[in-house]
1. Could you check the spin-label model distance between Gln171 and Asn20? Points 7 Å from the Cα along Cα→Cβ, value in nm.
2. Can you tell me the orientation of helix 91-100 relative to the chain, as the angle in degrees between its alpha-carbon axis and the longest Cα principal axis, to the nearest 10?
3. Towards the positive end of the charge dipole of the chain, with charges on Cβ (+1 Lys, Arg; -1 Asp, Glu), say which of Thr206, Ser25, Leu312 has the farthest Cα.
4. When ligands, DNA and RNA are left out and all protein chains stay put, how many square angstrom of accessible area per residue does the chain have with a 1.4 Å probe?
5. Counting pairs of alpha carbon atoms under 8 Å apart in space and at least six apart in sequence, what relative contact order in percent does the chain give?
6. Within a Cβ distance under 11 Å of Asn316, other residues only, what is the Lys/Arg minus Asp/Glu net charge?
7. Report the residue, chosen from Gly79, Gly160, Gly274, that carries the largest GNM mean-square fluctuation when the chain is represented by alpha-carbon nodes joined by springs under 10 Å.
8. Just want to confirm a number: the relative contact order over segment 356-409, from Cα pairs under 8 angstrom separated by 6+ residues, in percent.
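The values are calculated or read from the model by the stated rules, or taken from the named source; none is laboratory data. Bear in mind that the values here come from a model prediction, so they are computed numbers and not experimental data. Cβ sites come from the backbone with ideal geometry, for glycine too, and all protein chains shown count toward neighbours. For the accessible areas, the whole protein counts, side chains as well, though only heavy atoms, and no ligand, DNA or RNA atoms are used. Shrake-Rupley method; radii C 1.70, N 1.55, O 1.52, S 1.80 Å.
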Amino acid sequence: MTLLANVTFATNATDADTSNFSSLSVGLGLLGLVSATQNLRFTQAGSLPLPTSPLMVRFSGNGGLLGLANSILLQRTNGGINNPVGPPYTSSTLLDLLGLAGANNSSTEVVLPVPGLAGQPNDGVLFQINTTLGLGLSAKLYYAFFIKAPTVAGQTICSGVATTLTISNPQVGYTYRWYDSLTGGNQLQGSTSTTFAVSGLSATRTYYVEGCESSAAAAYRSGRTAVTVVVNPLPAAPAFSGVPAICSGATTALTVSGTDTGVVYRWYTVPASGTSFFTGSTYTTPALSDTTRYYVEAYRASSGCVSSLRTLVQVNVKPLPGITFTTPIYLCQSKTLAQLNYTAALNGPVSYSIAWGATALAAGFGNVNNTAFPASPVSIVAPGNATPQSYAGTLTLTGANTCTRSYPFNLIVQQTPHPPPPVTTFQ
């Protein structure tokens, strides 16, 4: 018995004409000893099938597909016929796959997906017929093809930030389907749109997209491209342990509590947008005359993420007590009680103090400490022997809110004039 295996017109299975074919044949022989094999390779750089890309192979047999099914092998390859990848279609699996493809025993041609192996690259498909039944067989191999998978760049975002995934190699007329898993799973979107909107993510997530030649359910489709959206956490909003109220005209230091390594704190005068006026964990305010609001955000330079909200820091400013009066105050020599007349008492002064300068203290003036503030006038006690001159003092008012305000003033002791001499008239 002559053992024969032959492949003719091999290039017909790789040219642009989908109607011609290569021919594979085996003659009568011992069981399983004779086979005819052809390997079709995809050689376009940067355009190879994914491990999950369905490979479509069109072939026909001289005895119908049922007879051919027991004498055929289909398998992916990588780098040539001697490097098979993934499980093959054999007589035990081919009939089921033909059923999935909608073929029947009388079919003469069929297009089948060839399974791949996750994570294993591949660049071709092997088609083989053999003499398993000891019969002479022949087959026609028309072509093998796959749908090029979409190309989508992954993205890195901050938690809660919306983004859009965009297919960079869209094909006219294609429909793109997005899923939550590499195979099977739930379809998230299916349309001709080349974008997929992502929002509300708080953790890293991977999406999967496939290209389909049309919107038909049975349209040829590509393998699914995995697209990962890396989600960086937001830094915690700045916290402050307490901001004490200050008196008008004072400054205060505002310090973020529990600072985070790698985070910088940016200060604003508005709750959103605007320009930062200070960066740091402690900010010393200028002298403030009114209640003032600041807004602080945490920014992590390594990820570019910013806390979800700016923290409000309000510095409450308490008003100062005040009065209106005229200085200097005059007192006649040898008198011991001067009157400080005032009007327009502001913000409820409740007590007062008087601190005299060195000259006044040397002359016998006594300081006054935390005395109840009276209705106008305020009495100022002076020593009876104070020499005529100006004496400097400071009046300090304390309000019910504990804030104080000081006023410098002068008390001038005036010399008492002598009466004019009597006028004597001589005649």
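1. 2.4
2. The angle comes out at about 60 degrees.
3. Towards the positive end, the residue furthest out is Leu312.
4. 51
5. 11
6. +1
7. Gly274
8. Taking the mean separation of contacting Cα pairs over the length of segment 356-409, I get 35 percent.
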